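For reference, the structure discussed in these notes is given below.
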Amino acid sequence: MANDNGLVDEFEKLENEKKEIERKEEELKKKIIELAKEKGTGVLFGNHKKCLIKEYEKIIYPDNKSELINLIKQKGLWDDLSIINYPRFQSRVSKNGIDKEILNLIKKEKAFRISLRDINDFQNLFSIGY
């Protein structure tokens, strides 16, 4: 049987390292977003990967969703949104295709998606003639 202290201590160490890596990752994401904004671009390049940065509007639902749900029902949208389909709701909000009373119950904030791709994928687009 393994030593409790050793396992728990190793687990604690990994948890602390994970938190530190996540903190550094968030710092890097912020720096990447700022650099992309400064350059006015949605693509940054590293030596091996390209980084795609896409701004989007993120919906923040109210803590108590009952008023939002009741209003959606009153407006006859419940069948379409009864299981709040986040992408569909997001699309309607983004296209101003939703009632203002519902919009008043949610918050919107700017957010960013960051993803890495192989540089060769981007270069291949040019070599094929796109």
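A few comments on the model shown:
- Answer residue from region 76-130, given it is at pLDDT below 80 and among the aromatic types (Phe, Trp, Tyr) and is surrounded by the fewest Cβ atoms within 10 Å (Cβ to Cβ) among those: Tyr130
- Count - residues of region 31-46 that are part of a helix (DSSP H, G or I) and surrounded by 12 or more Cβ atoms within 10 Å (Cβ to Cβ): 5
- Residue that is touching a residue at least 12 places away in the same chain (Cβ under 8 Å) and among the hydrophobic types (A, V, I, L, M, F, W, C), where the choices are Ile60, Ile69, Ile21: Ile60
The values are calculated or read from the model by the stated rules, or taken from the named source; none is laboratory data. The model shown is predicted, which means the values in this text are computed figures rather than measured ones. Because the Cβ atoms are built from the backbone with ideal geometry, glycine has one as well, and the counts that use them run over all protein chains shown.
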